[in-house]
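Colleague: I have a structure I would like to understand better, so I am pasting it below and will then ask my questions one at a time.
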Amino acid sequence: MSTRKRVVADLLFGIQALSALIFGGSQFVRMLTSTQGVSITWFGFWEAFLGLNLWMAFRAHKNQPSRVTRQTLGSYSIWTSMVTADFIVALTKSSWDANDTNTTILVVVGGVITFLVARSKGLAIGDPMVKAWLAVFFKFVPQILLAYKVYQVGGAGLAPLMVWNGHVTILMRIGQLAFSIREAGWDRNRIGSAISEVANELSWVIVTIVWLTR
């Protein structure tokens, strides 16, 4: 890896790590005083998806260690730790409701369908398209239902810094992806990433609009 690419990679890793701390930390503090609009399953399924990515990042690093695999592993580790902390607070400060039940049903059904289709086509869990559809069910669906819950009861439990930082991190990844596509064109990995990140941002825009109006 050239010096320039190494510097860029280190900078992006630093931004991701800082974003995770801001996102998780601000939401953690907010939920100590209010969990209005917070969905337990939003954190729970997000953590499950992060755990899957963390496991695959660990395998990739174990098979062929490099600076990039260490940074990827570190990034997922930080995000998983922060979301876990938020999930624990949500479990202790909030309560399970119909929204969580509906979210669980939709995500589980979607996940099972994804695994069955992947298996029928001989695709592994780590396949980019499989990960993309899992991201849709583990992130897009819970965030849409999170928006519905905020619409119903209000969103005082969502920290403003967390909401806006969420857009920054997603758009940053979309920007990186756009530069990558412009440089090397479309392939299976980039298509999968595009589906995942666009669905993530679209659902977070909906959450933000509802949060602002409530």
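Colleague: Find all pairs meeting these conditions: Cβ atoms under 8 angstrom apart; at least six residues apart or on different chains; first residue within the stretch 43-61 and surrounded by 17 or more Cβ atoms within 10 Å (Cβ to Cβ); second residue of a type in the set (G, A, S) and part of a helix (DSSP H, G or I).
Modeller: Here the result reads F43/A90; F49/A135; L54/S77, each pair linking the stretch 43-61 to a residue that is of a type in the set (G, A, S) and part of a helix (DSSP H, G or I).
Colleague: Specify which of the listed residues (T101, T33, T3) is free of Cβ contacts under 8 Å to residues at least 12 places away in the same chain, out of contact with any His (no Cβ under 9 Å at 6 or more places or on another chain) and closer than 19 Å to I144 by Cα.
Modeller: T101
Colleague: Filter the stretch 162-193 down to the residues that are crowded, with 18+ Cβ neighbours inside 10 Å and among the aliphatic types (A, V, I, L, M), then identify the one that is nearest to Q152 (Cα to Cα).
Modeller: Looking at residues that are crowded, with 18+ Cβ neighbours inside 10 Å and among the aliphatic types (A, V, I, L, M), I get V163.
Colleague: May I pose another question? When the stretch 118-133 is examined, which residues are found to be exposed (fewer than 13 other Cβ atoms within 10 Å of the Cβ) and basic (K, R)?
Modeller: Listed by number, the residues that qualify are R119, K121.
Colleague: Still on this model: Of the residues T169, T213, which is in contact with a helix residue (DSSP H, G or I) (Cβ under 6 Å, 6 or more places away or on another chain) and not aliphatic (A, V, I, L, M)?
Modeller: Going through T169, T213 in turn, the sole match is T169.
Colleague: Give V205, V210, V141, V108 a once-over and let me know the one that is surrounded by 17 or more Cβ atoms within 10 Å (Cβ to Cβ), at pLDDT 95 or above and under 19 Å from the mean Cα position of the chain (by Cα).
Modeller: V141
The values are calculated or read from the model by the stated rules, or taken from the named source; none is laboratory data. All values reported here derive from a predicted model rather than from experimental measurement. Cβ: placed from backbone, ideal geometry, glycine included. Neighbour counts: every protein chain shown.
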